[in-house]
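Shown next, in structure tokens, is the structure this report addresses.
Coordinate-derived values only; no laboratory data. Predicted model only: the values in this text are computed from it and were never measured. Quick reminder, even Gly has a Cβ in these numbers, built from the backbone with ideal geometry, and neighbours come from all protein chains shown.
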Amino acid sequence: MENEEYIKRLEGIIDKQDKLLSQFDAKFNQQKALCDQVAKRNSYLSQDLEKYKNLLKDMKKSLTQHKNTIAKLKKELEEQLKIQQKLHKDYGEIIKELTDELEGEEREKSKTEPSKEEPKAKEETSSKSDRPTLPPREDKVDHVSEATNIISNIAEKSQKTIKEATTPKGDSKTKKCPNCGKDVDSTYSFCDNCGHKLI
């Protein structure tokens, strides 16, 4: 009898151990599944990190391109301003020369025209003199106004050229971001709202 009871007790202990082992196996399987999920998430995270690294590289590249473009436009603008200053200087000299020429013509005209008080005999003597006379002018031309108009036209053209040089190509064109739908400048490589890559 004692042996039978002892055997029953051993069988009960063995059954309990089997149940514990089955529970441990189930827990190990759960831990293995969790480890697999964590490994997948880690792989996804590593892929996302690589994508963000590439995006940062592209953003840095686009920033350097924009900086170079701004520096180039600044240099061109400075050159245009220098050219405009030189043109204004030249126009001032041209106006001065035209003014001096007009004053000289007026002096010559006043010398060649006979006075009302002098008789006709003086006209004949003056015509016989060796001094050359200027031909009569058909119409009076205002050289100063013409030069002023030329200067204003050239100044408008130079301002237009400077405006065209400082305006980037395609500046007025926009496109929609496929991620957030916001209107973005077509020259941008990334959306300024969500950072999505556009090119």
query: With each pseudo-label sitting 7 Å past Cα toward Cβ, what's the ASP48-LYS86 distance in nm, one decimal?
result: 5.9
statement: Flagged as over-length at 28 Å C-alpha distance, from LYS75/LYS197; LYS32/LYS57; LYS51/LYS182, the pairs are LYS75/LYS197; LYS32/LYS57
message: Report the gain in length on full extension from ILE154 to LYS74: 0.36 nm times residue separation, minus Cα-Cα distance, nm rounded to one decimal.
response: 26.6 nm
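Ordered by packing density, taken as the mean number of other Cβ atoms within 10 Å over each peptide's residues, highest first, how do 188-194, 92-98 rank? Mind dumping the intermediate values first?
Values: 188-194: 15.0, 92-98: 13.0.
So the order, starting with the most tightly packed, is 188-194, 92-98.
Once the other residues with Cβ under 13 Å from the Cβ of ASP183 are scored (Lys, Arg +1; Asp, Glu -1), what is the net sum? Mind dumping the intermediate values first?
Working: positive: LYS173, LYS175, LYS176, LYS182; negative: ASP185, ASP192.
Net local charge, ASP183 excluded: +2.
Express in nm, to one decimal, how much length is gained between ASP36 and LEU56 on full extension, taking 0.36 nm for each residue of separation and deducting their alpha carbon distance.
Values: separation 20, 0.36 × 20 = 7.20 nm, distance 3.02 nm.
So the extension gain works out to 4.2 nm.
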- request: Just need log10 I(q)/I(0) for the range 7-51 at q = 0.13, 0.16, 0.21, 0.30 Å⁻¹, Debye formula, equal scatterers on the alpha-carbon atoms, no solvent, rounded to two decimals.
  value: -0.50, -0.59, -0.72, -0.92
query: With a sphere of radius 9 Å drawn around the Cβ of THR174, what net charge do the other residues whose Cβ falls strictly inside it have (Lys, Arg +1; Asp, Glu -1)?
result: +1
message: Just to confirm a number: summing +1 for Lys and Arg and -1 for Asp and Glu over residues other than GLN65 whose beta-carbon lies under 12 angstrom from that of GLN65, what do you get?
response: +3
Where only alpha carbons of the range 25-90 are counted, the Rg and the Dmax (Å): 28.5, 97
